[in-house]
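The values are calculated or read from the model by the stated rules, or taken from the named source; none is laboratory data. Here the structure is a predicted model, which is why all the values come from computation and not from measurement. In this analysis, Cβ positions are derived from the backbone assuming ideal geometry, glycine residues included, and neighbour counts consider all displayed protein chains. Ligands, DNA and RNA are excluded from the accessible area calculation, which covers all protein heavy atoms including side chains. Shrake-Rupley method; radii C 1.70, N 1.55, O 1.52, S 1.80 Å.
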Amino acid sequence: MSTSTAMRNAAAELELAHKKRREKDHELRLMSKLQELNRQLDAERVRVKEKKKEEEQKTRLIVAANRLPVTPAYDEETGEWHFKRSSGGLVSAFLGVKTFEITWIGWVGVDVPEEAREGIAARLRQQQPFRCIPVWLDEDTADLYYNGFSNNVLWPLLHYIPLSMLDSHTTLAETQWEAYQAANKAFADVILPEVRETDLVWVQDYHLMLLPKYLRDASPQLSIGWFLHTPFATSEMYRTLPHREEILRGILGADLCGFHIYDYVRHFHTSCARVLTIGGDQGITEGNDGIFDHASRRSICVDTFPIGIEPHKFEEALETKAVKDKIIEMQRRFDGKKVLLGIDRLDYVKGLPHKLKALEYFLKNYPQWRGKVVLLQIAVPSRTEVPGYQKLRSNVHRLVSRINGTYGSLDDVPIHYLDQSMGFNELCALYFRADVMFVTSLRDGMNLVSFEFIACQKKRCGVLVLSEFAGAAQALGAGALLINPYNTDDVAVTLHQALNMPQKEREDRFMYMHAHILSHTSQEWAEQFVASLRHARQTSNYDAGPFSELSEAKQLPTHNVVASYKASENSGGARLIVLGLMGTLIDYDSFMNMEPLLPSVRRNLATLALVPNNTVVVCSGRERALMNEWLGDLPIWLVAENGLFIRPPTETGDGAAAWEMLKDDIDNSWMDPLKSIFKYFEARTPGTVTEMQEYTMTWHFNVDNDDFAEVQAGNLQTHLTKVSGRAPVEVGLDMKRVEVRPYGVSKGAALAAILDRLLCTRGGGSRFASANSLYAASESSSESSSALPMASSTALAHAADGSLGERNHFKWVLCVGEVMARDEDLFTTLQGLFDYEDAGVNTSVSERGFDASNSLFTCCVAKTLSQAEYYLEDFNATAGLLDLLAHVTHDAAQLGGSMSPQQPSVLERLPQLLRALVGKQLLFLLDYEGCETAAEGSLRDSHAFNERDDDAASSNSGSFRRESSAGPNRASRSSLASHPLGGFPSEFIKLVTLYPTAVVTRQTAAPEEREGRSESGGGDSLPRDLGEISGVRILPFPRTSSQFGSRNTEDKDRRATLQEQTIDYEASYGVALESCNAKLTEKLKEIGAQHVTIEDNNFSMSVVLRGASDEEQTIVREAVLEMVRTEFPMLRCTEGRQALEVRPDVDWNRAKAAKAVIETVVERMTEALGLRGVLPIYIGQDEAFRNIREVHDGIDILVTGGPAAQSYFLRDVSQVGQLFRWLTEQHGAGVTVRGGKLSRRQPPMPVLGAGSKHEARDWHSRALPARAQPRHVAPDMSGNRHSQ
């Protein structure tokens, strides 16, 4: 036993040893593999680094400048050409760039004979350190290009000198411009054969402003930069430039535009905006990093690159013996004196006359400095052949002579003036010896003389007196003493301060400036620009505003849209329809007049929205109140003020759904300061309108004079951007409007919030909850439907990556809208729903082609540049598309076999209706198609009916004899007979004689709208086009009388106590505001409020109390609040600072309008007739009047409204006459008395008039109890409804 155990243990130990050995071997192999992978990784890093280095070495930098770094000169003695190197700052800057092979292309600067050009070009290519390639220009072209347009037009203008103030040859302007173009083209012709795809081209200065575009047109992929070494004038100056647009277009051909300081960048932005305009196909859009050019569809980066010098070059020169000898000589010459140094080109922008006059004033007012201070002024000759420069030179010489003659002596003069250039060693010695550097430039791009002075003053800490108009003032301003060279007094005081500055202050100021020039060298400038240019090459676009992602849209294939919609009808897939408002559902003129949507558009929207599988969203920049007025009663999602507010659908059409604010921290205090700016531009731009919403302000300029309006729009945008400052708002210009909205608000964000809810909704009784339950994620059943997330991106992300499952997607989506570029995310939000991943490649629906069962159509309106895939021309095209879709829905409803059986109309429930009427005083409110015409006829024919014989009335209890065609009323009868109600005019007249009646009047559709409806094939099968309520007509009615048709003379002659009345209502907010304005104006005159004014804000109005006394303000405030409350319920009044704001009431809707009508009618009629406990009955086609049940316990009988919960209905207008006949028959049978009072005794079986055969059925057996009526209904397209 022990032996076997020992053997087993030994075997186990051996196995364990083998296992450990195997594990160790495996570990060693893994370590070896890991080490090998590390070696491979290190090798790959080295290879990538070397490859990158090789690529950098291969990349050439092509510098295109007006002049080459060397200038050829002909030696007449030897007959040979020699080259003289330039010592300019630009050459010094590129000497420090070591990572690129630099090729310099430029004009040679002199006229070279044809026979010598080839040899000179070959020698220039061998130059070091820059390979040079010459551009040959003939003498005339060179003169007109360089001395003409470049230096006689561009140079002065960029330095703020108006062209009209120069002695320039204006007659040569066009010739000079042609030469400028020819020279730039000559540069392009030389560059293009030399350039490679990997090269970078850097264009220098104002001489070559057209060159970037010429290069871009010839080589679109080329990386091009442009830098301006001068100032860039303000837009007011730049706009005076001839050919201003062509020059800006030329500059925008570059990928990167560089300037010395931010001021020049801002001026360039503003000039582009004002000259090229903002938005549109040819305009630009300003972004955070640059400009987006709509014409070329490119983003251009615009940035600052402050140039510098190489300080070590000057510091090293100061240590040389030659410079030290010069310094000792100058010390001996100017011993005991303070030296002011000025080194400038003899140019009018350098301010030499201003400098001399300031020194003269200084010597006059500070006599203690006479003989103790000297100005060393070096004036480097410039353009000596130009008359203007010759005149400047003479003026300077005269000033120098006058000052030296006044304040000098035989031994000493205050000004040492040299009209010549200086060598480098002499300059360094002068910089070192000077106590104060005196710079009075009127305009200067940077002024590197200031930098050179600081580089030579390390041991002395001299003082820099610097013009605030030089670019260097922004770099060295904290250490320099800044002056306004135009203010002679100020300059003199500053000179005195500089000469008396304490040593400690001098050192502190100098150390700041010295640190700056050490960190901002010319080499740093060049490397920074080149690095930015390389980045521009590698970056597809910059943050150049919302336009940078837009592309050309295609025309919407309407047949595809309709076909895919039909296919989705058959498959039963869920559909999403997203629409804009202005420009999409309503045209601009109608919106400006605050007119409602066309009835056909509303009808089509209602048709689409009531389909269970459809979800309709209308997104607008308009305020909530207007959205409520126009669309509040439709079962659709509403988005107001560009996405700040959303409102879910109302299920019953009563407009009772509440608005929700998506951003809670919004403040509108910024609106008051901007209001006056909007009004200023509105008053000065004919045809423009300012729209002031609750949290947004919009300036519409859709006018005939587009050019002037666009200029004004650009000015307004610029001004608003400045004034709004740090307010959390965005200023946008697009689609013929300038808009200021809260930051971060967009229609796309609002749509994302709506989609989030639709995709996450669980169950619930809402039609939308059930209709969209197929989009909910089945795995998230634990989430409550009552706690829906607000604008979460989770659902959208899930929708995009498919994690919600195929059944959770909308199968068909249509988005049509005229939106600003800021709201283009409306389209991208929907495109995110349809993007999917297939084999690792993202493919959009548009790339998969047309798919009738699963389609997305994003469509912009009135523009082609959009993130939408398609476009439509205008509002009419959108209306036509909606009409087609509505008729597809109509046809599907007629052909579908799944509809529920039709429910019984009120004619089949008369016993139930009769029980509701017993014991009540009836009052009728009629509102169906044709009732207004019938009311007109009843007023004309009522006398004839009163002349009828009692016996005739008794013998015709079931029907009434019609008026003979003969007699005075034939015309009215004829008109009634031709009307759709011509079949029952007598029933109408009889009813209004028996019962107190009022008729609702409405705005009728325009003739072309009615014709359009007829041509569309809708006929009576589509819902009636209800116009807006314009008033109520109360028909005359006597208080008491005997039975109908009595011949009692006293009864007949008695005047009706209820006279005919017409009550007018404001049909829209626009009419209400206009009426309120007029009445308030009269009221203010009445109470004598002379210091109170009313401002018409187009979509609101302000009662300005500023200037009125406290007592007057109190009186006016009470009067305004009372008038708005009692006379204009659709408006609301809020109190602001020194003003009362009257604007549309956001809670006003069709239901409230109906309620106001009901209350007014009941109050007027009951008061006049002395009635109590009336039962108002509404017979009409407006579902908003269904609240008559809540207002006065009334009864609503909807015509073509279909069955609804606890409601009666008639299938169409033709059934109205049958109902009228039944009501009059109850009177003839003794059930009612005149005035509509029903007897409390048990009524007999209703007497039925001659009509359809089914009227003889058992009414009691057909009556349905209220609780049995279906709760949710949807229309069939024949005018009836079926339960869901």
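Give, in nm to one decimal, the length gained when the segment between residue 1125 and residue 83 is fully stretched (0.36 nm per residue of separation minus the Cα-Cα distance).
366.1 nm is the gain from fully extending residue 1125 to residue 83.
Calculate how large, on average over all directions, the projected area of the Cα convex hull of the stretch 607-739 is; give the answer in nm² to one decimal.
If you wrap the Cα atoms of the stretch 607-739 in a convex hull and average its projections, you get 9.5 nm².
For a Förster distance of 30 Å, can you work out the FRET efficiency between the beta-carbons of residue 1060 and residue 1135, rounded to the nearest 0.05?
It comes out at approximately 0.15.
Quickly work out the residue 361-to-residue 178 label distance, labels modelled 7 Å from Cα along the C-beta direction, and quote it in nm with one decimal.
4.8 nm
Accessible area of residue 402, 1.4 Å probe, to the nearest 10 Å²?
The value for residue 402 is about 110 Å².
Quote to one decimal, in nm, the extra length available between residue 505 and residue 684 on full extension: 0.36 nm per residue of separation minus the C-alpha distance between them.
Result: 59.2 nm gained on full extension.
Search the structure for amide H atoms under 5 Å from the amide H of residue 202, placed 1.01 Å from N in the peptide plane, and list their residues when 5 or more places away or on another chain.
Residues meeting the amide H criterion: 62, 63, 64, 225.
Could you give the length gained on full extension between residue 1190 and residue 13, defined as 0.36 nm per residue of separation minus the Cα-Cα distance, in nm?
Between residue 1190 and residue 13, full extension yields 414.3 nm more.
If packing is taken as the average number of other Cβ atoms within 10 Å across a peptide's residues, how do 152-158, 914-920 rank, most packed first?
Order by mean packing, descending: 152-158, 914-920.
Tell me, what is the FRET efficiency for residue 1082 and residue 1111 to the nearest 0.05, using R0 = 30 angstrom and their Cβ-Cβ distance as r?
The calculated FRET efficiency here is 0.90.
Estimate the FRET efficiency between residue 321 and residue 416 by the formula 1/(1 + (r/R0)^6), using the beta-carbon distance for r and 30 Å for R0, to the nearest 0.05.
Working from the Cβ atoms, E equals 0.75.
Could you pull out every residue, at least 5 positions away or on a different chain, whose amide H is within less than 5 Å of the one on residue 135? Hs are placed 1.01 Å off N in the peptide plane, and Pro or chain starts have none.
106, 107, 108
Quick one: accessible surface of residue 33, probe radius 1.4 Å, all protein chains present, in square angstrom to the nearest 10.
130 Å²
Can you sort 756, 874, 665, 281 by 1.4 Å-probe accessible area, starting with the largest?
Ranked from most to least accessible, the order is 665, 281, 874, 756.
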